[in-house]
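Below: the structure, in structure tokens.
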Amino acid sequence: MNDNKSTTEPENIKKSQDGADSRRTFFKRFGIVGAAAAAGGAAIYAGLKYEESKPNHDFVKVLTADNKLVEVPRDQIKKIKLDEIRVKQQGRDGMAGRRWVMVIDLAKCRNARKCIQACQGAHHLRPYEYHINTLLMQESENTAPYYMPKPCQHCDNPPCVAVCPVDATFKRQDGIVLIDNERCIGCRFCVAACPYSARMFHWEEPLMVEGDKGKEYNIELNVPQKKGTVSKCLFSADRLREGKLPYCVSACPNGVYYFGDENQDAVTNGTTKETFSLSELLKINGGYHLMPELGTKPRVYYLPPKNRLFDVNDATANEKI
Amino acid sequence: MKRSYLFFLFIGLFVIRAPAQEWIVPAENGSKLSPFAFSDSTRMAGAVLYNLNCKSCHGDPGMNNVVKLVPLPPDPASAKMQGNSDGAIFYKAAEGRGTMPSFKNTLTASDTWRIISFIRGFNENYVQEIAKKLAPGASFEQVKLSLVWMQENNIIQVAVSALKDRVRQPVAGAELKLFVKKYFGNLPVGEVQTTDNKGIALFHIPKSLPGDSAGIVRLLAKAVDETAFGEAKADTSMAIGVPVYRPPLNQERALWNVGRKTPFWLLFTYFVCVLAVWGFIFYVMLQLRVLYKSDSINKS
């Protein structure tokens, strides 16, 4: 360039004098610079966008279904909806090869009411809405009073199911009597038919109607509850599927409840988690059914209130305080 | 005068009440120590166990998100929990009180110690004291249990062996427990048995032991003394039970069952009644037709 400078100088002067030519070069240069700036800006912007969209590796600990603790990048988590039809069908079918059975030891019940609270918490019920009732019993004037928790008996010959006109309440292969609140029309035939008064009716909007809005209905938990339908004890069918004891059974502080599978001839105490042979437990303690003369064949056994060496009003005596 | 009397009575009641709420741990339990040193691996295992068994009430340690129960479950990172000795935490978790469940039948001693190691991870000032190693010869390494089914006399034979001087040798005098695994817990079979000089203990199996539909039973054999034998156990399935098959409870035809399981007597009665009503209507129609025909014949 420098070599050419001397030779081209007169031309340059000429050109600089020429207004049109200098404007053209100016615009030419301006165009190049402008295009470069635009391209650069676009590149920076694209880079910024890419940085934003890039996964940020923020890990979340997740417990898998088979109890393994794994880490997953936060942005990789996808919320999935439960397969509603499948969940509903497995709720109707029940668990194959099981026959759930509950044993209630009346000798140990002190009306601590923990079972009731756990049940109401799980099924979103008000403090005066019961799936389990605890009744104060006295056989005669001269015998000692005792408390009797009374959940649904999950009869093998359920009169409540027979009267349902819409197939909303049903018995499953594992013996649990459930109710589908989405089918129930609120006729309350089942409430009238049940000899154990185990069913309740939602006269008012359920307790957590706002919080449960949009939640998928779980037939094995009866949540969200629905106004104008019947609700009842479910033997905590959702917990059994996970291999856990029902809410009431594991909440009892006094070892009243035993729960297990009749096919395995074993029941586990909810408080001590000790496992016993069902047939032996019933034989040794003289287990019995409630109102067997009705032919309802309940799945709940009672052990008689023997050797109760504490006051009936002493609710906390066994809490080892 | 009378007021101050009431005041002292009130204070007096509190003084009497206060120790009643304290959870007193027997001295020999309170001084118990973990048989192994707490490390990152025990803390990791403890975290998993904590989340499964404790978190639902005690919340996340240090986050103060415990469930509002009466009495309030303490946060594991709090001074109230950390003020306990290792042995005291172990005792309270194992025994339980009131709403705190007992874990002695659900968690093994080693798993409970792992949870304690996880809890201690939230205490910077904690220095662990490890239980003294048992005298040489009193603890065993690489303990193995094996189960053999002796069908002719209904006995399960459990053989215990351990490494000693780099040679696998039978262990005599080991106390063993045998369980059958059930859906919610382990059912003990018979009493605790002690191994003989050949390292063998025998458990009599009841003849009516129910198995699944093929008679398969899951057996679990464990050493009672975890400090000497570690977590040695044998977990096997064997076809030693009585096959149990009971049909599903909603299989029979009954009034309460679904439409396609209607009882035959109901189907019969229903169809007879329907046929009778329709039959009567058809009969009347037929008679009317006969009358009409005879009338038209008469007219012609």
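Key figures for this structure:
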item: Residue within the range B:85-98 that is within 14 Å of chain A (Cβ to nearest Cβ), touching a Ser or Thr at 6+ places or on another chain (Cβ under 7 Å) and among the aliphatic types (A, V, I, L, M) present; result: yes
item: Some residue of the range B:198-219 being of a type in the set (Ser, Thr, Tyr), in contact with a Ser or Thr (Cβ under 6 Å, 6 or more places away or on another chain) and within 22 Å of residue A:275 (Cα to Cα); result: no
item: Per-region count, the range A:72-116, residues within 11 Å of chain B (Cβ to nearest Cβ) and charged (D, E, K, R); result: 5
item: Test: residue in the range A:130-148 that is surrounded by 24 or more Cβ atoms within 10 Å (Cβ to Cβ) and away from every other protein chain (no Cβ under 12 Å); result: yes
item: Top-ranked residue in the range B:229-257 [being in contact with a strand residue (DSSP E or B) (Cβ under 9 Å, 6 or more places away or on another chain) and among the polar types (S, T, N, Q); ranked as surrounded by the most Cβ atoms within 10 Å (Cβ to Cβ)]; result: B:250
item: Unique match (being over 30 Å from residue A:110 (Cβ atoms), surrounded by fewer than 20 Cβ atoms within 10 Å (Cβ to Cβ) and within 12 Å of chain A (Cβ to nearest Cβ)) among B:45, B:79; result: B:45
item: Filter result for the condition that a residue is under 27 Å from residue A:99 (Cβ atoms), crowded, with 23+ Cβ neighbours inside 10 Å, β-branched (Val, Ile, Thr) and within 14 Å of chain B (Cβ to nearest Cβ), over A:230, A:161; result: A:161
item: Residue match in the range B:179-196 (condition: in the same structural domain as residue B:232 (by TED's automatic domain parsing), surrounded by 11 or more Cβ atoms within 10 Å (Cβ to Cβ), farther than 24 Å from residue B:110 by Cα and modelled with pLDDT of 90 or more); result: yes
item: Members of the range B:196-221 found to be basic (Lys, Arg) and more than 14 Å from chain A (Cβ to nearest Cβ), listed by number; result: B:198
item: Unique match (being of a type outside the set (Phe, Trp, Tyr) and closer than 30 Å to residue B:84 by Cα) among B:124, B:175; result: B:124
item: Some residue of the range A:267-274 being within 14 Å of chain B (Cβ to nearest Cβ), part of a loop (DSSP other than H, G, I, E, B) and among the small types (Gly, Ala, Ser); result: yes
item: Residue in the range A:131-142 that is farther than 26 Å from residue A:293 by Cα, touching a strand residue (DSSP E or B) at 6+ places or on another chain (Cβ under 9 Å) and not aromatic (Phe, Trp, Tyr) present; result: no
item: Checklist (1) part of a loop (DSSP other than H, G, I, E, B); (2) crowded, with 22+ Cβ neighbours inside 10 Å applied to residue A:244, failing item; result: (2)
item: Residue satisfying all of: in the range B:85-101; of a type in the set (A, V, I, L, M, F, W, C) and at pLDDT 90 or above; surrounded by the most Cβ atoms within 10 Å (Cβ to Cβ) among these; result: B:90
item: Some residue of the range A:214-227 being part of a strand (DSSP E or B), more than 22 Å from residue B:183 (Cα to Cα) and modelled with pLDDT under 95; result: yes
item: Residue among B:82, B:142 that alone is at pLDDT below 90 and not acidic (Asp, Glu); result: B:142
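Here is a yes/no grid of residues against (1) among the aromatic types (Phe, Trp, Tyr); (2) out of contact with any Leu (no Cβ under 7 Å at 6 or more places or on another chain):
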{"residue": "A:223", "(1), (2)": "no, yes"}
{"residue": "A:226", "(1), (2)": "no, yes"}
{"residue": "A:229", "(1), (2)": "no, yes"}
{"residue": "A:238", "(1), (2)": "no, no"}
{"residue": "A:247", "(1), (2)": "yes, yes"}
{"residue": "A:250", "(1), (2)": "no, yes"}
{"residue": "A:260", "(1), (2)": "no, no"}
{"residue": "A:268", "(1), (2)": "no, no"}
{"residue": "A:308", "(1), (2)": "no, yes"}
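Condition check ((1) surrounded by 15 or more Cβ atoms within 10 Å (Cβ to Cβ); (2) not assigned by TED's automatic domain parsing to the domain that holds residue B:232) across all residues:
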{"residue": "B:68", "(1), (2)": "no, yes"}
{"residue": "B:103", "(1), (2)": "yes, yes"}
{"residue": "B:112", "(1), (2)": "yes, yes"}
{"residue": "B:116", "(1), (2)": "yes, yes"}
{"residue": "B:148", "(1), (2)": "no, no"}
{"residue": "B:152", "(1), (2)": "no, no"}
{"residue": "B:164", "(1), (2)": "no, no"}
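Here is a yes/no grid of residues against (1) touching a Lys or Arg at 6+ places or on another chain (Cβ under 9 Å); (2) buried (at least 20 other Cβ atoms within 10 Å of the Cβ); (3) of a type in the set (S, T, N, Q):
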| position | (1), (2), (3) |
| --- | --- |
| A:219 | yes, yes, no |
| A:226 | no, no, no |
| A:234 | no, yes, no |
| A:256 | yes, yes, no |
| A:290 | yes, no, no |
| A:304 | no, no, no |
| A:307 | no, no, yes |
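The values are calculated or read from the model by the stated rules, or taken from the named source; none is laboratory data. Just so it is clear, the structure is predicted and the values come from calculations on it, not from any experiment. Methodologically, a virtual Cβ is constructed for each residue, glycine included, from the backbone with ideal geometry; neighbour enumeration extends over all protein chains shown.
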